[in-house]
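Visitor: Below: one structure in C-alpha cells.
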Amino acid sequence: MLRNFISLMSLVLLASCATTALPPDYSGPVATIQETAARVDSGKAQMFFLSKIDGNYIEENSSARSFQQSYGNGNNLTIVNTPYQIPAQAHTYTITGSHVWAMDGRAIFEDSLEVSGEVTFTPKTDHTYLIGGELKNDESRVWIKDNETGEVVAEFAKRDP
C-alpha cells in the first residue's frame, strides 16, 4: 500500500518536469495514440496510457490529465481520454495500466495493480494506436494495438502470487 502511494507521488513529481509526446519543433510524420479507461466507481478508474517515450515521462497522458482535472473535486474522478499525436518514428514507448484515483488518500489503502512494459517500434503514419488492458488481482495486462489493422504491437502481463 505504501509502495503504491510512493509510486503515485513519484509520478506526480516527475510529471512536472516531463516532456510532451510531440515536441513543439517536430514536423515529421505522426501517428495517434488513443488511451482507454474503465470506470470502477465515481472516484476510481482502470487507465491504460502512454507513460514514456525513450525514457522521458509524458505529462499529457490520460492518467496525468485525469488526475489534474479531478484535483480538488473530492472523490469525483473526471476521466480525460482525448487522443493525441506521437512521432511516427522508431522510439521506445512505455505503456502502463494502473488504477487512478481522484483522491490521493485512496492510493494508500488500495492496490494499483500496475503493469507496464517497453516496446520499440515505428508507428505507421496516420494510424491510430489503442492502449488497452485489464487490471485484476491475479493478473494485470496492458497492450498496444494498431486500430486500423488490429495487430497487437506489444502486450505485457504481471501476475501476482
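The values are calculated or read from the model by the stated rules, or taken from the named source; none is laboratory data. Remember, predicted model here, so these are calculated numbers, not experimental data. Here the Cβ positions follow ideal geometry from the backbone for every residue, glycine too, while neighbour counts run over all protein chains shown.
Visitor: Among the listed residues I86, I144, I79, which satisfies the condition of being in a loop (DSSP other than H, G, I, E, B), among the aliphatic types (A, V, I, L, M) and surrounded by 13 or more Cβ atoms within 10 Å (Cβ to Cβ)? Spell out the reasoning first.
Guide: On the way: I86 fails: in a loop (DSSP other than H, G, I, E, B); I144 fails: in a loop (DSSP other than H, G, I, E, B).
Exactly one residue qualifies, and that residue is I79.
Visitor: For the list (1) assigned to a loop (DSSP other than H, G, I, E, B); (2) surrounded by fewer than 21 Cβ atoms within 10 Å (Cβ to Cβ); (3) touching a residue at least 24 places away in the same chain (Cβ under 8 Å), I need the number of the one condition that V40 fails.
Guide: Unmet for V40, out of (1) assigned to a loop (DSSP other than H, G, I, E, B); (2) surrounded by fewer than 21 Cβ atoms within 10 Å (Cβ to Cβ); (3) touching a residue at least 24 places away in the same chain (Cβ under 8 Å): (1).
Visitor: Filter segment 103-148 for residues that are among the polar types (S, T, N, Q), modelled with pLDDT under 95 and either more than 14 Å from the chain's Cα centre (by Cα) or over 22 Å from T78 (Cβ atoms) (or both) and give the result.
Guide: Of the residues in segment 103-148, the ones among the polar types (S, T, N, Q) are 112, 116, 120, 122, 125, 128, 137, 140, 147.
Right, trim to modelled with pLDDT under 95 and you get 112, 137.
Scanning segment 103-148 gives a single hit, N137.
Visitor: Okay, next question. What tally of residues in segment 118-141 results from selecting those that are under 22 Å from N81 (Cα atoms), charged (D, E, K, R) and not in a strand (DSSP E or B)?
Guide: Number satisfying all stated conditions: 3.
Visitor: Which residue out of G74, G97 is modelled with pLDDT of 85 or more and farther than 22 Å from F156 by Cβ?
Guide: Numbers: G97 fails: farther than 22 Å from F156 by Cβ.
The conditions single out G74.
Visitor: Residues in segment 89-108 that are in contact with a Lys or Arg (Cβ under 8 Å, 6 or more places away or on another chain) and assigned to a loop (DSSP other than H, G, I, E, B): how many?
Guide: Count: 1.
Visitor: Another question, then. Determine, yes or no, whether G28 is at pLDDT below 90 and exposed (fewer than 15 other Cβ atoms within 10 Å of the Cβ).
Guide: On the way: at pLDDT below 90: no; exposed (fewer than 15 other Cβ atoms within 10 Å of the Cβ): yes.
No.
Visitor: Please verify whether E60 is modelled with pLDDT under 90 and on the phi < 0 side of the Ramachandran plot, treating the condition exactly as stated.
Guide: On the way: modelled with pLDDT under 90: yes; on the phi < 0 side of the Ramachandran plot: yes.
Considered against the rule, which asks whether it is modelled with pLDDT under 90 and on the phi < 0 side of the Ramachandran plot, E60 comes out as yes.
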